[in-house]
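Notes follow once the structure below has been shown.
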Amino acid sequence: QRPQTLTILGATGSIGASTLAVIAAHPEAFSVYALTAHSNVDAMFALCEQHRPQVVVMSDGQAAQALQQRVKNAQLSIQVSTGTDALCAVAAADDVDTVMAAIVGAAGLLPTLAAVHAGKRVLLANKEALVMSGQLFMDAVHQSGAQLLPVDSEHNAIFQALPFAVQQGAGRVSLADHGVSQILLTGSGGPFRETPLSELAAQTPQAACKHPNWSMGQKISVDSATMLNKGLEYIEARWLFNCQPNELNVVIHPQSVIHSMVQYVDGSVLAQMGQPDMRTPIAHCLSFPERIASGVAPLDFAAMGALTFNAPDAARYPCLQLAIDACWAGQAATTSLNAANEVAVAAFLQEKIQFGDIAKICQQVLDGLALPKVQSLDEILACDEEARAVAMQQMSRF
Ligand code: NDP
Ligand code: MG
């Protein structure tokens, strides 16, 4: 059997590194066609030496030039290109079987959609792409026959615990028809789960990025601290699994051993457990429906101690409810919320606004929303742009 050929969008990131680690342990099973990044030339050059992709895309033009020079000096035969069209081209190339969609944020939408339209096996980490474009994204999956596999640990856990018919149904079948009564999304509560409420607003980027259980990129780390990450995941689950409002719930589980659960009408609850290490869901997606080793140590139940659960506190995590409300309000709301959050998180990381301002900016952008009908890709991109402009405006008042 020939190896599965891959494009990794966002190869220099946290998910990119975990993906390449799993692949490197199974050289007979996988071969890298293309790697992409934004501007990190040093990291990409190291990946080029190790993985020898045929094509590399740096979305930043200057970074592409610098990388090209280094590749040439090292006499590596790698084609280097730049721009969104080049990202879409490596996601849709005939030579590619599987695309790992691991760009962070809205920048991942067009290349991920290109992979979907080309009918690839799409491993989805880039939840923002699905949150931005929900129905359009899922319609494209159905039209092209792309195989969509969830990398996000919660959605991967849910996927594993769902009945076969629902797994095969690609977000089209009814959960209730297959005996599923509820999907329970678990979340750790992030680094500020026990911080006194009065101290929350002034937390630093450094504190926000120190997740108790997971090591991740900066943006998703901040999202975990506000729990907007769980909100984005709620929206992601709605689309991936075709959930109705009463079929989706969030539970705090500080130990991050259970990665999510599926409850059935007969009272059974199936949970997927594992270390908080993304190599497990990544390996699951890469090899599905088979299983391969991921390099992750097995859970040690004798040493584990208690697993606890409780409901999220609305006062501590205002962003979570914003996202849940946006989910059922329509596409304009979720696209705008995602955009506002990206702007706010970037500003927070640059210490231009306070931690507590992130929720305020998201709320203000959603409050100002006229809720126009947003359906086509052009409408989605226009809505994203508009929400970013409003968020910037709100921010200038802080
Ligand atoms: P990182 O910040 O670690 O990596 C982001 C990657 O995207 C890098 O390769 C980066 O390139 C590239 N990138 C950044 N901006 C752009 C842009 N404008 N255009 C093109 N490429 C860009 O993020 P993570 O790996 O943590 O997360 C990636 C995605 O996976 C996110 O959507 C996140 O929500 C999701 N996810 C992550 C998890 C995790 O454990 N990390 C868990 C579940 C989901 P460069 O290095 O050059 O900047
Ligand atoms: Mg997750």
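Across the stretch 54-80, the qualifying residues are those that are assigned to a strand (DSSP E or B) and farther than 21 Å from VAL122 by Cβ, and the one among them that is nearest to the chain's Cα centre (by Cα) is MET58. Within the stretch 189-208, count every residue that is touching a helix residue (DSSP H, G or I) at 6+ places or on another chain (Cβ under 9 Å) and without any contact (Cβ under 8 Å) to a residue 60 or more places away in the chain. Of the residues in that region, 4 qualify. Report yes if some residue within the stretch 339-349 is out of contact with any Cys (no Cβ under 9 Å at 6 or more places or on another chain) and of a type in the set (S, T, N, Q); otherwise report no. Among the residues of the stretch 339-349, not one is out of contact with any Cys (no Cβ under 9 Å at 6 or more places or on another chain) and of a type in the set (S, T, N, Q), which makes the answer no. SER215 satisfies every condition listed in (1) more than 19 Å from the chain's Cα centre (by Cα); (2) surrounded by fewer than 16 Cβ atoms within 10 Å (Cβ to Cβ) except (1). For the stretch 262-306, the tally of residues that are farther than 30 Å from HIS178 by Cα and touching an Asp or Glu at 6+ places or on another chain (Cβ under 9 Å) stands at 4.
Would it be correct to say that ALA315 is more than 25 Å from ILE15 (Cα to Cα) and in contact with a Leu (Cβ under 7 Å, 6 or more places away or on another chain)? For ALA315, the condition - more than 25 Å from ILE15 (Cα to Cα) and in contact with a Leu (Cβ under 7 Å, 6 or more places away or on another chain) - is met. In the set ILE361, ILE353, ILE324, only one residue is surrounded by 12 or more Cβ atoms within 10 Å (Cβ to Cβ), of a type outside the set (Lys, Arg) and without any contact (Cβ under 8 Å) to a residue 40 or more places away in the chain; that residue is ILE361. Across the stretch 204-254, the number of residues qualifying as at positive phi and aliphatic (A, V, I, L, M) comes to 1. Among the residues making up the stretch 217-234, those that are in a helix (DSSP H, G or I), within 13 Å of ligand 2 (Cβ to nearest atom) and not hydrophobic (A, V, I, L, M, F, W, C) are LYS219, SER221, ASP223, SER224, ASN229, LYS230, GLY231, GLU233, TYR234.
Okay, residues lined up against (1) within 18 Å of CYS319 (Cα to Cα); (2) away from ligand 2 (no atom under 14 Å from the Cβ):
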| position | (1), (2) |
| --- | --- |
| ARG193 | yes, yes |
| ALA201 | yes, yes |
| PRO205 | yes, yes |
| SER215 | no, no |
| GLU236 | yes, no |
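In a residue-by-residue description of the stretch 170-186, the property of being within 15 Å of ligand 1 (Cβ to nearest atom) and within 22 Å of ALA311 (Cβ to Cβ) applies to at least one position.
Residues of the stretch 260-282 that are buried (at least 24 other Cβ atoms within 10 Å of the Cβ) and over 22 Å from ASN246 (Cβ atoms): MET278, PRO281, ILE282. Quick check on my filter: what residues within the stretch 1-46 are part of a helix (DSSP H, G or I) and more than 10 Å from ligand 1 (Cβ to nearest atom)? LEU20, ALA21, VAL22, ILE23, ALA24, PHE45, ALA46, listed by residue number.
Scanning the stretch 138-159 for residues that are closer than 23 Å to GLY330 by Cα, more than 14 Å from ligand 1 (Cβ to nearest atom) and either in contact (Cβ under 8 Å) with a residue 40 or more places away in the chain or of a type outside the set (A, V, I, L, M, F, W, C) (or both) gives MET138, ASP139, HIS142, GLN143, LEU148. Return yes when LEU248 is more than 16 Å from ligand 1 (Cβ to nearest atom), more than 28 Å from ALA17 (Cα to Cα), surrounded by 12 or more Cβ atoms within 10 Å (Cβ to Cβ) and at pLDDT 95 or above and no when it is not. Yes, satisfied.
Just checking: which of the helices (runs of 4 or more DSSP H) contained wholly in the stretch 108-213 hold 1 or more residues that are touching a Leu at 6+ places or on another chain (Cβ under 7 Å) and under 22 Å from TYR264 (Cβ atoms)?
Values: elements: 109-117, 127-144, 153-161, 164-168, 197-200, 205-208.
Qualifying helices (runs of 4 or more DSSP H): 153-161, 164-168.
Candidates are the residues of the stretch 31-52 that are of a type in the set (S, T, N, Q) and surrounded by fewer than 19 Cβ atoms within 10 Å (Cβ to Cβ); the one that is nearest to ligand 2 (Cβ to nearest atom) is ASN40.
For the stretch 67-80, does any single residue satisfy the condition of being within 12 Å of ligand 1 (Cβ to nearest atom), surrounded by 19 or more Cβ atoms within 10 Å (Cβ to Cβ) and within 15 Å of GLY13 (Cβ to Cβ)? There is no residue in the stretch 67-80 that is within 12 Å of ligand 1 (Cβ to nearest atom), surrounded by 19 or more Cβ atoms within 10 Å (Cβ to Cβ) and within 15 Å of GLY13 (Cβ to Cβ).
The values are calculated or read from the model by the stated rules, or taken from the named source; none is laboratory data. Being a predicted model, the structure only gives us computed values, none of them experimental. Neighbour counts are summed over all protein chains in view; Cβ atoms, including those assigned to glycine, are modelled from backbone coordinates with ideal geometry.
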